[in-house]
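Chemist: Can you keep this structure in mind? I'll have questions shortly.
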Amino acid sequence: MKAIILAAGQGKRMKTGLAKVLHQVLDKPMLRHIIDNLIDLKINEAYIIVGHNQEQIVNYLNDNKLDQNFKTIVQDPPLGSGHALMQAIDHLNDYPGDVLVLNGDMPLIQFETLSNLVKTHNSCCNDITILTASLPNPTGFGRIIRDNDNIIGIIEEKDATGDQKNIQEINVGIYCFKWASIKNGLKNLQPNNAQGEYYLTDLIKYAYANKLKISSCSLSDFKEASGVNSRAELALANRHLSDINIARLLDSGVTIIDPKSTWISSNVKIGIDTIIMPNTYILGDVNIGGNCIIGPDSNITGVVNIGDNVEIKSSYLNNCNIGDACKIGPFANIRFNTILSPNVKIGNFVEIKASSIATHTNVSHLSYIGDTTIGKYSNVGAGTITANYNHMSKEKFKTVIGSNVAIGSNCVLVAPVTVGDNTILAAGSVITKMVPDCALAIARGKQTNKENYVKEKYAVKVEK
Ligand code: UD1
Ligand code: MG
């Protein structure tokens, strides 16, 4: 099976300089939601019909290494969804198989739904299989016209009579076609309708007249039918997709205290008895174990793995691995390529970047740890900084800190530098040289007390 994604529509109501299908829904562009579903369906060859936005879409495909399997075809000017599909004729020619056609502005469609559509198409040996849904408010969608049970056409909102507008069964905008059966009908579409467009949906009338086999597959959750034609619908699509994902997690044994202030994308997996507190964003390829408490006010993005029994309060995490029973926050920023072993504690106002921290080590207050490894059972005192960056040369350097190290408050470790095991760094030290195992390093000005200096200079009365 091949796929065709229709994405040339101008999205005029979006009022945007960005291709409509590149607008983000939760963690990725609408187009990517569709592409990822196709990859999961093992459809490795697809055409994307693009318009004046071609360059942006080609760049996106290139940047994400998708350009081998997903090719663009330009439709200029865009004269309707049928005209968009016509652009594929020269590319598919006498292709004997089936094509899955999807509107590019329908990012909420789930893998299972597409898989069911394809199964229905194959098991019924259909020429056309249409994805439909019954909506409480079908305004704006094409309505499915039936004669008894048989589908005989799709009528667009703008062409529909009053009676037809009352039909609640709608065309979602996703279809399977046996290419050879519809190719001639496609060539002969006419723009005889209220919008003066070539409607893809007119293929149904053609198929019925030519006695082709048509049936439908219906959506169980109508939220999946949310299309995006405006910013308001984009906002709704974000909400609906998060709601679909949250419903799945609630069902699987996760507590989500306030679904309305929680945003979760489709690739998030969470173990049982984990509690997600309000105002938390979990967007990306995120795996969270069981019995964790995440949030409130936390933001977890990118590729993140979090073990069991972890607590994260009011913190940002991006592209990192967090071991079992770690405690993070409040107000920590855990950045890319950070690996925390089990039982690490990261406290308030601590930033960790590209660093590995071994088990039972604490960085509890007001620190920056970058390009660093720290061994186990160490304690990093408040205000400690690894100075890893030379702004002039733009180079970054590594800091290596051993196990069972006691770093006093307010130390600066000027990288590259190594601190051995079982060492003490005195508070306020600026460490620029290697500290051998078992040493105490003191690197700060010595304290001098000038007796009675204040009393003599300022004549201060000291009352006891
Ligand atoms: C379309 C369907 C309607 C269905 C609805 C579901 C048609 C005629 N109608 O209506 O039955 O209920 O989707 O959302 O298809 N496109 C192009 N080139 C064009 C015009 C459109 O590539 O010249 C693409 C758009 O980018 C979009 C898709 O085709 O992804 C559908 O076009 P759109 O204008 O959004 O149609 P709707 O009015 O939503
Ligand atoms: Mg649309």
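Chemist: Taking the range 279-303, which residues are in contact with a Pro (Cβ under 9 Å, 6 or more places away or on another chain) and open to solvent by 40 Å² or more (accessible area, probe 1.4 Å)?
Modeler: Asn279, Pro296, Asp297
Chemist: Shifting gears a bit: If I filter the range 444-463 for residues that are within 17 Å of Ile374 (Cβ to Cβ) and open to solvent by less than 90 Å² (accessible area, probe 1.4 Å), do I get at least one hit? Don't jump to the end; show me each part of the working.
Modeler: Taking the range 444-463 as the starting set, the residues that turn out to be within 17 Å of Ile374 (Cβ to Cβ) are none.
Looking for residues that are within 17 Å of Ile374 (Cβ to Cβ) and open to solvent by less than 90 Å² (accessible area, probe 1.4 Å), one finds none in the range 444-463, hence no.
Chemist: With the condition kept exactly as written, say whether any residue in the range 19-26 is part of a strand (DSSP E or B), closer than 22 Å to Trp263 by Cβ and away from ligand 2 (no atom under 16 Å from the Cβ).
Modeler: To start, the set of residues in the range 19-26 that are part of a strand (DSSP E or B) comprises 24-25.
Now restrict to residues that are closer than 22 Å to Trp263 by Cβ: 24-25.
Filter once more, keeping what is away from ligand 2 (no atom under 16 Å from the Cβ): 24.
Scanning the range 19-26, I find at least one residue that is part of a strand (DSSP E or B), closer than 22 Å to Trp263 by Cβ and away from ligand 2 (no atom under 16 Å from the Cβ), so the answer is yes.
Chemist: Check whether at least one residue in the range 92-104 is within 28 Å of Ala19 (Cβ to Cβ), acidic (Asp, Glu) and in the same structural domain as Phe70 (by TED's automatic domain parsing), and report yes or no.
Modeler: Yes: the range 92-104 contains one or more residues that are within 28 Å of Ala19 (Cβ to Cβ), acidic (Asp, Glu) and in the same structural domain as Phe70 (by TED's automatic domain parsing).
Chemist: Testing His83 on (1) modelled with pLDDT of 95 or more; (2) open to solvent by less than 60 Å² (accessible area, probe 1.4 Å); (3) touching a helix residue (DSSP H, G or I) at 6+ places or on another chain (Cβ under 8 Å), one condition comes back false. Which one is that?
Modeler: Of everything listed in (1) modelled with pLDDT of 95 or more; (2) open to solvent by less than 60 Å² (accessible area, probe 1.4 Å); (3) touching a helix residue (DSSP H, G or I) at 6+ places or on another chain (Cβ under 8 Å), His83 misses just condition (3).
This table checks each residue for (1) in contact with an Asp or Glu (Cβ under 9 Å, 6 or more places away or on another chain); (2) closer than 18 Å to Val99 by Cβ; (3) touching a residue at least 40 places away in the same chain (Cβ under 8 Å).
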position: Thr139; (1), (2), (3): yes, no, no
position: Ile144; (1), (2), (3): yes, no, yes
position: Thr161; (1), (2), (3): no, no, no
position: Ile167; (1), (2), (3): no, no, no
position: Val172; (1), (2), (3): yes, yes, yes
position: Leu200; (1), (2), (3): no, yes, yes
position: Leu203; (1), (2), (3): no, yes, yes
position: Ser218; (1), (2), (3): yes, no, yes
position: Gly227; (1), (2), (3): yes, no, yes
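Conditions tested, residue by residue: (1) open to solvent by 10 Å² or more (accessible area, probe 1.4 Å); (2) within 16 Å of ligand 2 (Cβ to nearest atom).
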site	(1), (2)
Ile130	no, yes
Lys165	yes, no
Ala194	yes, yes
Ser215	yes, no
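Chemist: Another question about this same structure. Select, from Thr301, Thr338, the only residue that is assigned by TED's automatic domain parsing to the domain that holds Glu351, out of contact with any helix residue (DSSP H, G or I) (no Cβ under 7 Å at 6 or more places or on another chain), touching a residue at least 40 places away in the same chain (Cβ under 8 Å) and among the polar types (S, T, N, Q). Step through it out loud before you land on a result.
Modeler: Details: Thr338 fails: touching a residue at least 40 places away in the same chain (Cβ under 8 Å).
From the options Thr301, Thr338, the qualifying one is Thr301.
Chemist: Please determine whether any residue of the range 52-66 is part of a helix (DSSP H, G or I), open to solvent by less than 10 Å² (accessible area, probe 1.4 Å), touching a residue at least 60 places away in the same chain (Cβ under 8 Å) and away from ligand 2 (no atom under 16 Å from the Cβ).
Modeler: no
Chemist: Just to check your reading of the model, which residue among Ala358, Ala382, Ala325 is surrounded by 17 or more Cβ atoms within 10 Å (Cβ to Cβ), without any contact (Cβ under 8 Å) to a residue 24 or more places away in the chain and not basic (Lys, Arg)?
Modeler: Details: Ala358 fails: without any contact (Cβ under 8 Å) to a residue 24 or more places away in the chain; Ala382 fails: without any contact (Cβ under 8 Å) to a residue 24 or more places away in the chain.
Exactly one of Ala358, Ala382, Ala325 is surrounded by 17 or more Cβ atoms within 10 Å (Cβ to Cβ), without any contact (Cβ under 8 Å) to a residue 24 or more places away in the chain and not basic (Lys, Arg), namely Ala325.
Chemist: Could I ask something else about it? Only residues that are part of a helix (DSSP H, G or I) and aliphatic (A, V, I, L, M): list them for the range 167-218, please. Walk me through it before giving the result.
Modeler: At the first step, the residues of the range 167-218 found to be part of a helix (DSSP H, G or I) are 179-187, 200-209.
Residues satisfying the conditions are Ala180, Ile182, Leu186, Leu200, Leu203, Ile204, Ala207, Ala209.
Chemist: Among (1) within 30 Å of Lys28 (Cβ to Cβ); (2) modelled with pLDDT of 95 or more, which single condition is Ala180 missing?
Modeler: All conditions are met except number (1).
Chemist: Keeping to the range 233-252, report how many residues are more than 14 Å from ligand 1 (Cβ to nearest atom), open to solvent by 50 Å² or more (accessible area, probe 1.4 Å) and not charged (D, E, K, R).
Modeler: Count: 4.
Chemist: Quick check, is Ala427 farther than 24 Å from Asn318 by Cα and surrounded by fewer than 19 Cβ atoms within 10 Å (Cβ to Cβ)? Spell out the reasoning first.
Modeler: Working: farther than 24 Å from Asn318 by Cα: yes; surrounded by fewer than 19 Cβ atoms within 10 Å (Cβ to Cβ): yes.
So Ala427 passes the test.
Chemist: In the list Leu200, Leu135, Leu219, which residue meets the criterion of being over 30 Å from the mean Cα position of the chain (by Cα) and in the same structural domain as Ser123 (by TED's automatic domain parsing)?
Modeler: Details: Leu135 fails: over 30 Å from the mean Cα position of the chain (by Cα); Leu219 fails: over 30 Å from the mean Cα position of the chain (by Cα).
None of the other options fit; the residue is Leu200.
Chemist: Next question, about the same structure. For Ile35, are the conditions met, namely being outside any helix (DSSP H, G or I), at pLDDT 95 or above and either more than 19 Å from Leu114 (Cα to Cα) or in contact with a helix residue (DSSP H, G or I) (Cβ under 9 Å, 6 or more places away or on another chain) (or both)? Walk me through it before giving the result.
Modeler: Working: outside any helix (DSSP H, G or I): no; at pLDDT 95 or above: yes; either more than 19 Å from Leu114 (Cα to Cα) or in contact with a helix residue (DSSP H, G or I) (Cβ under 9 Å, 6 or more places away or on another chain) (or both): yes.
No, not satisfied.
Chemist: Further question: Out of Asn210, Asn229, I need the residue that is modelled with pLDDT under 95 and in contact with a Gly (Cβ under 8 Å, 6 or more places away or on another chain). Which one? Walk me through how you get there before you give the answer.
Modeler: Details: Asn210 fails: modelled with pLDDT under 95.
Exactly one residue qualifies, and that residue is Asn229.
The values are calculated or read from the model by the stated rules, or taken from the named source; none is laboratory data. Please read all numbers here as calculations on a predicted model, not as lab measurements. In this analysis, Cβ positions are derived from the backbone assuming ideal geometry, glycine residues included, and neighbour counts consider all displayed protein chains. Heads up: the accessible areas ignore ligands, DNA and RNA and are worked out on the full protein's heavy atoms, side chains in. Shrake-Rupley method; radii C 1.70, N 1.55, O 1.52, S 1.80 Å.
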